[in-house]
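Inspection log for the structure reproduced underneath, given as structure tokens.
The values are calculated or read from the model by the stated rules, or taken from the named source; none is laboratory data. Since this is a predicted model, take the numbers as computed values, not measurements. Please note: Cβ atoms are built from the backbone with ideal geometry, for glycine as well, and neighbour counts cover all protein chains shown.
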Amino acid sequence: MPRRRDLADQRRRLSAATWSVLAERGLPGLTLRAVAERAGCTTGMVLHTFADKQALLVHARELLHRRTGQRADAASADADSPRAALRAVLWQAASPTEEKREEARVWVGFLAAALADPVLADLHRAYNRRFLDRVGGLVAEVRPDWPPADCADTAISLVAVVEGLNALAAVDPQTYSEESQRVAVDAALTRLGRGSDGES
């Protein structure tokens, strides 16, 4: 038992170090050595947890998905209507603050890497589809009168808006400011019209 607990603590420490390196140096700076230095351990210890650089990248991508998923869960749980839950989930995926833009830069780095890495590409598709399913489910709650195909199409449009804002705000936060992102998200939501909750 102690050994299992030690391994779990080690993985948590390396996960924290991985995210810290990613946030500071981006994907190109994520190396086994950099993670080891940040965690205050040897590269051998990192390799004991992650077999190679690919395993480290996969873990880092999973970390990003977990962070955004937890925020989406919290955002929808605090909402008082289906439309408010949908708006909150979309807004937590946008990049209005420096902390969120930092996360967006990491996401863009993974997207770029996925173009040449089939493993990361598979992960990106899987996680994006989970987000689409989440948004599509919320759209269906707002518009239970719509057929599933319309809900799915609307989810794609809404996700495209927030992911586009993420990518653009990562390099041009002046143009894609918090206010402009808010306006864009609210404008995208007008496509739903007046839903079952009476809101529009």
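Applying the criterion of being of a type in the set (S, T, Y) and surrounded by fewer than 20 Cβ atoms within 10 Å (Cβ to Cβ) to the residues of the stretch 77-127, the residue that is farthest from the chain's Cα centre (by Cα) is S81.
Residue by residue, here is whether (1) closer than 26 Å to Q181 by Cα; (2) free of Cβ contacts under 8 Å to residues at least 12 places away in the same chain; (3) among the β-branched types (V, I, T) holds:
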{"residue": "A55", "(1), (2), (3)": "no, yes, no"}
{"residue": "H65", "(1), (2), (3)": "yes, no, no"}
{"residue": "A85", "(1), (2), (3)": "yes, no, no"}
{"residue": "S95", "(1), (2), (3)": "yes, no, no"}
{"residue": "V108", "(1), (2), (3)": "yes, no, yes"}
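Of all residues in the stretch 157-169, those that are in a helix (DSSP H, G or I) have Cβ atoms under 7 Å from Cβ atoms of residues that are charged (D, E, K, R), 6 or more apart or on another chain, in S157/R191; A169/R101. The residues of the stretch 63-76 that are loosely packed, with under 14 Cβ neighbours inside 10 Å and either in contact with a Gly (Cβ under 7 Å, 6 or more places away or on another chain) or closer than 22 Å to H124 by Cβ (or both), listed by number, are R66, R67, Q70, D73. You will find that of A8, A36, A60, the residue that is at pLDDT 90 or above and part of a helix (DSSP H, G or I) is A36 and no other. Identify, please: which residue in the stretch 132-155 is exposed (fewer than 13 other Cβ atoms within 10 Å of the Cβ) and over 19 Å from A79 (Cα atoms) and is, among those, farthest from the chain's Cα centre (by Cα)? That would be D145. Against the numbered list (1) in contact with a Ser or Thr (Cβ under 8 Å, 6 or more places away or on another chain); (2) touching a residue at least 40 places away in the same chain (Cβ under 8 Å); (3) over 12 Å from L86 (Cα atoms), R143 comes up short only at (3).
Every residue, every condition in (1) within 24 Å of T97 (Cα to Cα); (2) of a type in the set (S, T, Y); (3) not assigned by TED's automatic domain parsing to the domain that holds Q70, yes or no:
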residue: D117; (1), (2), (3): no, no, no
residue: L123; (1), (2), (3): no, no, no
residue: P144; (1), (2), (3): no, no, no
residue: P148; (1), (2), (3): no, no, no
residue: C151; (1), (2), (3): no, no, no
residue: S157; (1), (2), (3): yes, yes, no
residue: V162; (1), (2), (3): yes, no, no
residue: A170; (1), (2), (3): yes, no, no
